[in-house]
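The values are calculated or read from the model by the stated rules, or taken from the named source; none is laboratory data. These numbers come from a predicted model, not from an experiment. Because the Cβ atoms are built from the backbone with ideal geometry, glycine has one as well, and the counts that use them run over all protein chains shown.
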Amino acid sequence: MANSRKSSFDLTERVADALAPKLPAGSYILLGLSGGVDSVVLLHLLKQLSLRYSWRLSALHVHHGISPQADVWAAFCADLCALYDVSLQIEHVNIAPLRSLGIEAAARKLRHAALAQQQVDFIALAHHLDDQAETLLLQLLRGAGVRGASAMPAIKHHANVPTLLRPLLNVPRSILLKYAQHHALQWVEDESNTDDTYPRNFLRHRILPLLEQRFPAYRKTLMRSAQHFAEATELLDELAQQDAEGVIANNRLDIIKLRVLGIVRGKNLLRYFLAAQGAPIPDSTRLQEMLRQLCNARQDAQVCIDWRGWQIRRYRDHAYTMPALPPPADFTIMWHGEAEILLPQSHGVLHFKHATGQGISLAKLQVGIARINSRRGGETIRVDAARPLRNLKNLLQEHEMLPWQRDLLPLLFCDTDLVCVPGIAIANTYQAQPDEAGVMVIWCVDPMRDEYATELE
């Protein structure tokens, strides 16, 4: 019993030593709570430490709906958090659209997405030393590079999302089980954990017990290897940051300068560019093929490469990456003076802002029927009374609008007249005069990314 008490005390203090220097008083921690023994132990630890260090603590349970026991697990987590007086949020997610990734990967992606949306300072996850060893081996068996082989960091900072904490990453599963037994903790068992058709379970139940017989310290040695890979990743990132100077700007990558770097450094910079845009990192083979197509295509070629719901495109001498765009929609929407109109699919949002002496003459626009159309080809507009009609296609090329944005561009008509091309032009006969009531049309392709917004004053 004495040894059990000592290990319990040691675990509490180990977690305190890992977190206290990083979390000031008043920090808001959200625990990812599955109901399994690992997260139950971490909840027990964090509840004690939150009282000691004046941290705010809540929990999130992600209900995937995969197991027939999913409702039981959610109810268990709710009862446990009520016992500890910890606020719990249950997030229901639908795994069906992501099943092509595999059940494990899809569940993990949805779980991390749900956690990342929370308005907290820190997210705590209960990954431990055995998880780290399994993750490293799985990554190596998939042919991962040094970034993938870095496995999981104990702390991860990322822009615009809470900092991720894994305070148990150096603790083996056996210690967590002893802690749970000593404190008479209750937890749920996921029946899928015994199914060794899943790669992780196959390693856990078939391979690692054999490995432990010959290499009893394999967990710690694999952890050291992961740390070595993490250090190598930092060096590669530092090199990419140096290479990015003058090559990456305004969310685009200069192809001519990329080509000069050669294959190895070029791949490293391309990987860095994709990561900076929030895109998933392709495997080495796909990454090299991207580099080849971007660098070797003709200057006028419009390269578009799809992978995992994302696209990388080349236009002229620059590369751009973005979530995959669906085909443009064909639509007509009447405008009756609304301040905002949500357009179909990925066409974005149109905002109408009233002003005096700017934008479109409201009086002239109200004479006819105002409507918003998708582009259909052959449109013309007269911007200057002293100049001839302009073909819209040529006008967009002159303004260097990206081809895929041209396809999404909404157009404002009054009866048959093309009145406004947002961000580009207003027909001369519809321009508001000084002191006249006008309306400015603002187009935002992606409401989450302000840099795509265009305004015509």
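Selection over segment 183-210 of residues that are at pLDDT 95 or above, part of a helix (DSSP H, G or I) and either within 23 Å of ASP17 (Cα to Cα) or small (Gly, Ala, Ser) (or both) gives a count of 0.
Checked against the criterion of being outside any helix (DSSP H, G or I), surrounded by 15 or more Cβ atoms within 10 Å (Cβ to Cβ) and in contact (Cβ under 8 Å) with a residue 60 or more places away in the chain, the candidates LEU253, LEU236, LEU258 yield just one match: LEU253. With respect to LEU60, is the statement that it is of a type outside the set (Ser, Thr, Tyr), touching an Asp or Glu at 6+ places or on another chain (Cβ under 7 Å) and either over 20 Å from LEU168 (Cα atoms) or assigned by TED's automatic domain parsing to the domain that holds LEU185 (or both) true? Judged against the criteria, LEU60 is a match. Could you check segment 333-369 and list, in sequence order, the residues that are polar (S, T, N, Q) and surrounded by fewer than 16 Cβ atoms within 10 Å (Cβ to Cβ)? Passing the criteria: GLN345, THR356, GLN366. Hey, among the residues in segment 78-112 that are of a type outside the set (D, E, K, R), in a helix (DSSP H, G or I) and closer than 17 Å to LEU31 by Cβ, which one's farthest from the chain's Cα centre (by Cα)? Among residues in segment 78-112 that are of a type outside the set (D, E, K, R), in a helix (DSSP H, G or I) and closer than 17 Å to LEU31 by Cβ, the one farthest from the chain's Cα centre (by Cα) is LEU83.
Rundown of residues vs (1) under 31 Å from the mean Cα position of the chain (by Cα); (2) modelled with pLDDT under 95; (3) assigned by TED's automatic domain parsing to the domain that holds LEU396, yes/no style:
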{"position": "ILE341", "(1), (2), (3)": "yes, no, yes"}
{"position": "SER346", "(1), (2), (3)": "yes, yes, yes"}
{"position": "THR356", "(1), (2), (3)": "no, no, yes"}
{"position": "GLY359", "(1), (2), (3)": "no, no, yes"}
{"position": "ASN373", "(1), (2), (3)": "no, no, yes"}
{"position": "GLU379", "(1), (2), (3)": "no, no, yes"}
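When segment 132-172 is limited to residues that are farther than 20 Å from GLU231 by Cα and at pLDDT 90 or above, the one that is surrounded by the fewest Cβ atoms within 10 Å (Cβ to Cβ) turns out to be LEU141. The residue of segment 21-40 that is farthest from GLU91 (Cα to Cα), among those that are outside any loop (DSSP other than H, G, I, E, B) and small (Gly, Ala, Ser), is SER39. Checked against the criterion of being in the same structural domain as PRO21 (by TED's automatic domain parsing) and closer than 21 Å to TYR218 by Cα, the candidates THR135, THR163 yield just one match: THR135.
Out of everything in segment 297-332 that is in contact (Cβ under 8 Å) with a residue 40 or more places away in the chain and β-branched (Val, Ile, Thr), what residue ends up being surrounded by the fewest Cβ atoms within 10 Å (Cβ to Cβ)? Checked segment 297-332; the qualifying residue surrounded by the fewest Cβ atoms within 10 Å (Cβ to Cβ) is THR332. Select from segment 332-383 the residues that are part of a loop (DSSP other than H, G, I, E, B) and in contact with a Pro (Cβ under 8 Å, 6 or more places away or on another chain) and list them in ascending order. Scanning segment 332-383 gives LEU343, GLN345, SER346, HIS347, GLY348, GLY357, ARG375, ARG382. In segment 277-296, of all residues being in a helix (DSSP H, G or I) and at pLDDT below 90, the one that is surrounded by the most Cβ atoms within 10 Å (Cβ to Cβ) corresponds to SER284. Quick check on my filter: what residues within segment 65-88 are in contact with a Ser or Thr (Cβ under 9 Å, 6 or more places away or on another chain) and either within 15 Å of VAL41 (Cα to Cα) or free of Cβ contacts under 8 Å to residues at least 40 places away in the same chain (or both)? Within segment 65-88, CYS77, CYS81, VAL86, SER87 qualify. Filtering ALA59, ALA106, ALA82, ALA74 for residues that are buried (at least 16 other Cβ atoms within 10 Å of the Cβ), modelled with pLDDT of 95 or more and either acidic (Asp, Glu) or more than 16 Å from ALA124 (Cα to Cα) (or both) leaves a single hit, ALA74.
Could you please give the count of residues in segment 200-250 that are hydroxyl-bearing (Ser, Thr, Tyr) and within 18 Å of ALA275 (Cα to Cα)?
Looking only at that region, the number is 1.
Cβ separations smaller than 7 Å between residues 6+ apart or across chains give the following pairs from segment 353-374 residues that are more than 12 Å from GLU436 (Cα to Cα) to residues that are aromatic (Phe, Trp, Tyr): LEU365/TYR430; ALA370/TRP335; ARG371/TRP335; ARG371/PHE413; ILE372/TRP335; ASN373/PHE413; SER374/PHE331.
Looking only at segment 138-182, count every residue that is part of a loop (DSSP other than H, G, I, E, B), within 21 Å of the chain's Cα centre (by Cα) and among the charged types (D, E, K, R) and tell me the total.
Number of matching residues: 1.
Is it the case that LEU258 is in contact with a Cys (Cβ under 7 Å, 6 or more places away or on another chain) and not assigned by TED's automatic domain parsing to the domain that holds ALA154? When the stated conditions are applied, LEU258 passes them. Residues that are more than 28 Å from ASP10 (Cα to Cα) and not in a helix (DSSP H, G or I) occur in segment 49-62; there is at least one.
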